Amino acid sequence: MGAAFKPTQQRALLGQPWQAWRNQAQWRRTLATLATLASPVLLLGYWQSAHPLTVLGALLSLWLVVGWAAFSQLLLRQNTPRLAHLVPGQARSLVQAFLLWAALFVLALCGALSLWDGWHPAWPLLALGVLVLLGWMGREPWLWVAIWFVIGPLVPALRPITAWLTALPATTGWLLYALAALLALGLLPACMGRGDARHQRAYQRRLRWSAQLEAHSQGRGVAARVQLPWMARLGLLFTWPHRLWWARLVRNPASTPLARLNVQLMRGPAHGTVQLWLLCVALVMMVLVLGGLTRRDTLEHTLTVTAGMWIGLLSLAMGPSMQRAQALCRDRPDQALLVLLPGLPQGAALARALARRWLLQALLAWAFVVLLFLLVAPQISAQRAATAAAFLAACLPIALGDLRRCDRLPARLSAGGFNAWIPVALVAGLVGWWTQIPPALSLGGSVLLCGALGWRRWQALADAGPPLPAGRASER
Amino acid sequence: MSSFLTLDWWRAPRRSATPEAGLALHASAPSDTRLPVAVQGLRLGYAKNHAPVLTGLDWTLQAGQVVGLLGRNGAGKTTLLEALLGLRDPQAGAVQLFGQPAAQIDDAVRARIGYVPQQSDLFEGLNARQLLAYFRSFYPRWNEAKVEGLLSRWEVPQDQLIGKLSGGQQQRLSIIRALAHEPDLLVLDEPVASLDPLGRRDFLRELVEQVLDRGTTVVLSTHILSDLERVAFNVAFLKDGRIRLQAPLDELIEQCRWLQGPGAEDHGGELLARFGPRLLVRAPCLSGLPRETLVQLVTLEDLFEGLA
C-alpha cells in the first residue's frame, strides 16, 4: 500500500461525481449553465464581427475555467476529514487526481487562450494561477467574499503592474515567473486535506461558510449553530427590520395570522421589510454617487461603468421571488407547524393569500427600480436607455413565480431557475441595445404580457390544494 | 436455522465471557499483539474558556473486546470516539491505534478500522451499489459475499439515490460499508438510533457474528440499554470527562446492589453512587449487614443512573 498511482482508485474518485451527475439527471442544468456562459460571448463576438476562432477560444477558455471550478469542487467534496483519515489511500489518490487533472486543464486552457489571443508565455502561469485560486476558493469559501474586495483595487492597478513587469530585465522576469509557478504548484496540492486537525478545522470552516452563502442565496436565515458570530452581528445591519417587524407582530394581538405566518416563512432578505430597507440603502448610495456628478457625459459614463448597479438593484428587487421556492422547500417541518396557527385561511384561500402578498411585494420592488430608471433615463443616451429598459422588462416575469402552486413544488430544488433566467435577461438587454426599442414599448409590453399570464395563474390558484408544507402534492 | 431464529445466540456467548476481554468468544485469537486502542491522559475541549469535555481520560481496549460506551447526553461519547480515531486533536494526552499514534495512522491500520458515525457521511448523489464500489477500490480486503448478503437481508434499495433513502436505510448502508472490509476495530457511534426493532435485531446479530468469526474489537455507544445488554460484554461509563468504570456487564450486575436502611453505610464494598438513603454499592459484604437493611438487585438502567 505504497504511494503508487492506482487506476482503480482514480476511476472511483472520478466516477463518483460522474455517477452523481448522471443519477441526478443534471444535464439540463449543465446545458443551461453552458448556454448562460456562451450567450454573451457569442453575441459580443457577433456584434464585434470577431473571427470565429477568436470567439471559440474565448468560449472554450470561459467553459474551461468554470469547468475547473465545478470539477475541483466535486473532488473537494470527497475530501472530508473522516474519509481522508480513515479510508486507506483516499487522500493521496485525491491529490494525485487533483494534480493530474490540473495539468490537463492548464494545457487545455493555454490552448484555448492561444486561440483567443495568440500564444503568450504568460498563459501557462495565468492558467495555473486561475486554477489554484479556484481550487482554494472551493476549499475556503470566504475567498469568494474576499475576492470582491480585492478585484476593485486590483483592476486599476493592473496596468501599472503589467508595465512594471514588462520593464523588468528578462532574467529577473523569468526568475519571478519561475517563483510564481513554484508557489502555485505548491499551493495546488495543499487544497486537499490529509485528515489531520488542520483539515478538520478547514472543513468545519467550509461547512459554516457554505451554509452562510447557501442561506444567503436562498433568502433565508441561517441556523444559529452554523452561523459565524461576527457574521451574525454583521447580518443584523441588514436584517434588523425583520426582527423589529417580528417583535411588533408578537406584541400586537390584532396582527393577522397570515402576517405571522409570512414573517416566519420569509426570514432574511426575502421578507418585505428587509427588502425595503436594502432598496433604501441602495437608493441613498445611488443618490450620493450620482448627485455629485453634474456633467452629462460623466453621468452617462458612470451609469455605463456601473451597469452592475442596475443588475444589483434588480437582484434586490426580484431576488425574493427567485429564492422563495427554495426557501419554502428548506423549511417544510416549520411549515407543518405554522399552518396550524388558528385563524389562518385554509386550502386555496391560503395559497391565494400568500401569492397575493408575495406578488405585491415583488411588483412594488420592481416598480421602485423602474421609477429610479425613469428618473435617470433622460440623462443617458437613447441606446443605453433602451438596453436598460429591455433588461428591466425581461425581469418582470420573475415576479410570476410568486403565483406558482407551492403544493406542487418539487421535493428538491436547485438554483437552475436562476441560472436559466440570466441569459434571457442578458439577451433582452442586448436586443434592446441593437434595436433601440423605446423604453415605453418594452416596459409596457412586458407589463401587459405579465398581466395576462399572471391572471391565468391567479385563476389556476383557485383549484390549488393546501400550499404548505410546500411540495406536498409533488412526487418525492 | 430454527435455533438461530430463536436468538439464543444473543445471550449464550456472553455468559461464557472472561472478565478481561472475551477473547475466548471467537474462533481464532488475533495474531497482532498490539492493543487496538490505548488512550492515556486524553484531554479535549471545544473552547479555551469552556470546561474540557474529556479530562485526562485513560482507556484501553483489548483485542476482541466488545465494549458498550454509556454516558448521558453531552457527556462526550462522540467526542471520545472521534478523538479515539484521530479525528480530533487532543489538547493533551495520547491515543494509539494498533500501536500507532491515532493522528498518524498508516494505510495498513486504516484498513483495519471500521467506523459508523452518528451523522451519515454517505454521498447522497450515488446509489448504494455505486457507493460500495467507490469504497471497495480503496480497501485491500472486501467481503463481497457479505455485502451482497447484507444488502439483500436488510432490504437496502440498491438502485435508489442515497439521498432519497430513509434515515434507517442510510444507517443500514453505513453499517454495511463499515463491515464490508472486515475491520479488526469497529467503532459505532449510536448505530441503531434510526433503526426499527427488527433492524436493530438484524444489526446486533451481524455484530455478534463479526465478533465470533473474526474477533473484532467493538466500541459501541448507544442509549438503548436493552441492545447493549444483548451484545456488550463490557460496559464503560463516561462521566465528567473520564471513564468512571469499565467492567464486564454480567459481573457488574452480579456484584452491585442497592442498599437502604440501617447499617447500609457499613456495606464493606465500593460505593458507586448515593441517591438520598439509597446506596449503589459494588461487591458489598452482604453477610455483615443487619437483617433490616434492604438489599435489591440492580439492572443496567440502575447502573446507568448511578454511574453515568
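Every read-out reported here was derived from the displayed coordinates using simple, explicitly stated rules and does not represent laboratory data. In this text the structure is predicted, and so the values were computed from the model without any measurement. Here Cβ is always computed from backbone atoms with ideal geometry, including for glycine, and neighbour counts include all displayed protein chains.
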With Cα atoms, 0 to 90° folded angle of helix A:122-139 axis to chain A main axis: 50
Approximate spin-label separation A:R243-A:V287, in nm, with each point projected 7 Å along Cα-to-Cβ: 2.6
Whole-number D in µm² s⁻¹ for region B:250-307, Kirkwood Cα-pair radius fed into Stokes-Einstein, 4 °C, 1.567 mPa s: 117
Shielding of B:127-136 by partner chains, average beta-carbon count, 10 Å: 4
Helix A:416-435 vs. chain A, principal-axis angle (Cα, 0 to 90°, nearest 10): 90
Angle between chain A longest axis and helix A:307-330 axis [Cα atoms, degrees, rounded to 10]: 70
Computed [θ] at 222 nm, deg cm²/dmol, the protein assembly as shown (DSSP H ≥ 4; -39,500 (n - 2.57); rounded to nearest 500): -19000 deg cm²/dmol
Rg/Rh for region A:242-463, where both radii come from Cα atoms and Rh is the Kirkwood radius: 1.01
Neighbour-count ranking [beta-carbon atoms within 10 angstrom, fewest first] of A:R405, A:R77: A:R77, A:R405
Relative pair counts by distance (%), Cα atoms of chain A, 20 Å bins: 18, 50, 29, 2
Evaluated at q = 0.17, 0.18 Å⁻¹: base-10 log I(q)/I(0), Debye formula over Cα of region A:9-213: -1.38, -1.46
Point-to-point label distance, B:Q255-B:D58, nm (Cα→Cβ direction, 7 Å offset): 1.7
Estimated dipole of the protein assembly as shown in Debye, rounded to 20 [Cβ of Lys and Arg +1, of Asp and Glu -1, Cα centre]: 2040
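Can you sort B:D107, A:D334 by how many other beta carbons sit within 10 Å, fewest first? Intermediate values should be presented prior to the final figure.
Numbers: B:D107 18, A:D334 15.
Listing B:D107, A:D334 from fewest to most nearby Cβ atoms yields A:D334, B:D107.
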Convex hull projection area averaged over all views, chain B, Cα basis, nm²: 18.1
Relative packing of B:120-130, B:182-192, which averages over residues the other C-beta atoms within 10 Å, highest first: B:182-192, B:120-130
Residue exposure sequence - A:C280, A:C450, A:C406 - by fewest surrounding Cβ within 10 Å: A:C280, A:C450, A:C406
Shape box of region B:90-171 [Cα atoms, principal axes, largest first, Å]: 44, 27, 21
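So what is the relative contact order of chain A, in percent, for Cα pairs below 8 Å that sit 6 or more residues apart?
Values: 490 pairs, mean separation 71.6, N = 476.
Relative CO of chain A lands at 15 percent.
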